[in-house]
Amino acid sequence: MKVDLYSFAFRGLLAEESLDKAGRQRYTPDSQYYSEELAKKLFLNEIDEKYVQQSKSMIIVFTAISAFENATREFVYSVLLETYKHEWWVKGIQTSIREKADKRKETESRVKWHVNRGDAMMSYLEFGDLTKIICSTINWQLFEPYFAFSNSQEWVRTIFDDIEKSRNVIMHSGVLDDFDISRVGMSIRDWLHQINA
């Protein structure tokens, strides 16, 4: 049987066009994280496209760092809560960190027209505070079982320092290069494998 390649290819293109007209959504890396409705609310179409594209390239990196930060907050909170129960905030958080977070919460609560971070005090801590809490003399004994190897406090600090450098670039609208993105990924993977082993 002889196959007419031209007709076959043309029918394929017509089928693709019909699917598109019927509303088929093609997958693109952006489509999973991009909402046309939100873009309109944020007037994204009025910003120079080069800046929009630059920012889109960091969406997944931002997602990874943000998810890591929130998961780590939950990890620290659960360890402190297990030991100190309802007094975890007073007994498990150093005074200087606690006072700074309390002040941040109080300041945000005065701004009635904008949503705040909520009631969870962990949300008012800075990223770098998590390392200080984990490695503090009052708490290290609680976290040490997760890091039973030599120089483990230094390892914890290094993981957080590396991620925080990249986090600060992203949070200030910068763009990471492939090397830095890979470092973030490796740090997150190493941390998760260590605490979930």
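Starting from 0.36 nm per residue, how many nanometres of slack lie between Lys41 and Asp161 once their C-alpha separation is accounted for? Before the final figure, lay out the partial values.
Working: separation 120, 0.36 × 120 = 43.20 nm, distance 3.52 nm.
Taking Lys41 through Asp161 to full extension adds about 39.7 nm, to one decimal.
List the equivalent ellipsoid semi-axes of the range 41-120 in whole Å, largest first, each obtained as the square root of 5λ for an eigenvalue λ of the Cα gyration tensor. Walk me through the numbers on the way to the answer.
Values: eigenvalues 236, 71, 19 Å².
Equivalent ellipsoid of the range 41-120: 34, 19, 10 Å, largest first.
In bins 10 Å wide, starting from 0, what share of all Cα pairs of the range 65-163 does each bin hold, as a percent?
P(r) for the range 65-163, in whole percents per bin: 14, 46, 31, 7, 1.
How many lysine pairs in the range 48-195, separated by 8 or more positions in sequence or lying on different chains, have Cα atoms less than 30 Å apart?
20
For the range 147-197 and the range 43-110, write down the distance between their C-alpha centroids in whole Å.
Centre-to-centre distance over Cα atoms comes out at 15 Å.
Quick note: the coordinates plus some simple rules give every number you see, no bench work behind them. Just so it is clear, the structure is predicted and the values come from calculations on it, not from any experiment.
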